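Taking it in order: structure first as structure tokens, then the write-up.
The values are calculated or read from the model by the stated rules, or taken from the named source; none is laboratory data. Remember, it's a predicted structure, so these values are computed and weren't measured experimentally. In this analysis, Cβ positions are derived from the backbone assuming ideal geometry, glycine residues included, and neighbour counts consider all displayed protein chains. Calculation scope for accessible area: heavy atoms of the full protein, side chains included, ligands and nucleic acids excluded. Shrake-Rupley method; radii C 1.70, N 1.55, O 1.52, S 1.80 Å.
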Amino acid sequence: MDFRHGAHKFSRCIVTIADLWLGLLWYFLQIIVSAWYSIVVVGNLLESYFISLGVLEKYKSLHSEKVQYLAIVIESEEACQISEVVKLLKWLDSIGVKNVCLYDMNGVLKKSKETILQNLKNAKSIQEVSQVVTHHAHDHMTLEFLSYVDGKEAVAKAANLVFVENLKQHSLGGELDAQISLEPHLNEALQIVGSKGPEPDLLLVYGPVRTHLGFPAWRLRYTEIVHMGSLKFMTYGSLIKAIYNFTRVHQNYGK
């Protein structure tokens with residue numbers, strides 16, 4: 001009996017010690033990960049700072065012309081910071097990125113369209129540009145304003161158009177095509193309803209979450225997406241770095 005009692009106490013002691021060591025190990029792992037994350041954040045901030053100063057030589061040769069169309073997705077609460085949005089657009093203009101699509105889910109940027117255009121000396125909305133937007137002269141910046149509703153309405157209009165065309169063919173003696181909603185038909189329908197805009201080469205996401213927040217998916221087939229963090233912590237250096245990294249990537253597919 002005493003032997004069993006002693007064995008039981010010993011096993012409980014071993015379990016307690018093991019739990020203690022596991023707890024300490026987990027605690028130290030958290031410290032190591034947190035320290036590593038802090039080092040990475042500080043390193044990125046320092047790099048962005050030096051890029052802004054023009055100290056880092058490799059970032060001086062920036063081929064911004066490779067970014068023919070840039071999309072910026074901003075979380076709707078942060079999109080209310082119109083002054084920060086204008087600052088970001090001025091940075092892009094100075095870098096040489098002239099075609100930009102601004103998107104937020106709730107349409108904050110779209111409602112502030114006039115304010116944004118007034119604060120930019122040489123900006124025009126995409127509706128004012130007659131030729132293909134990516135081919136226009138680079139004497140001004142072209143802006144497109146989108147929200148979640150635009151994408152939702154576009155899909156509804158395109159689906160309705162595809163259905164009507166299919167119904168017409170059926171009424172003329174043709175067969176009702178159950179596969180009419182394939183990608184080519186939808187792309188054509190989106191073009192007809194005026195919602196097949198340029199596909200962004202690069203999409204920058206400003207906000208707490210790593211998602212495109214409902215940006216029209218049919219325009220993101222070959223788009224590279226980069227999460228930039230919160231808009232209020234944006235830096236000129238991080239913007240340069242994102243564009244530089246994109247221009248260094250060789251793409252042998254797509255357009």
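Note on region 88-111: residues that are more than 18 Å from the chain's Cα centre (by Cα), open to solvent by 60 Å² or more (accessible area, probe 1.4 Å) and not hydroxyl-bearing (Ser, Thr, Tyr) total 2. Give me the residue from region 206-218 that is under 25 Å from GLN127 (Cβ atoms) and of a type in the set (A, V, I, L, M) and, out of that set, least open to solvent (accessible area, probe 1.4 Å). This residue is LEU213.
Here is a yes/no grid of residues against (1) modelled with pLDDT of 70 or more; (2) closer than 20 Å to LEU88 by Cα; (3) open to solvent by 90 Å² or more (accessible area, probe 1.4 Å):
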position	(1), (2), (3)
ILE116	yes, yes, no
PHE145	yes, yes, no
ASP150	no, no, no
GLU153	no, no, yes
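Check region 21-34 and report whether any residue there is within 21 Å of ILE225 (Cα to Cα) and assigned to a helix (DSSP H, G or I). Within region 21-34, not a single residue is within 21 Å of ILE225 (Cα to Cα) and assigned to a helix (DSSP H, G or I). Restricting region 219-235 to residues that are assigned to a helix (DSSP H, G or I) and surrounded by 18 or more Cβ atoms within 10 Å (Cβ to Cβ), the residue that is modelled with the highest pLDDT is LEU231.
Every residue, every condition in (1) modelled with pLDDT of 75 or more; (2) surrounded by 11 or more Cβ atoms within 10 Å (Cβ to Cβ), yes or no:
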position: SER38; (1), (2): yes, no
position: VAL41; (1), (2): no, yes
position: GLU47; (1), (2): no, yes
position: SER52; (1), (2): no, yes
position: LEU62; (1), (2): yes, yes
position: LYS66; (1), (2): yes, yes
position: LEU70; (1), (2): yes, yes
position: SER76; (1), (2): yes, yes
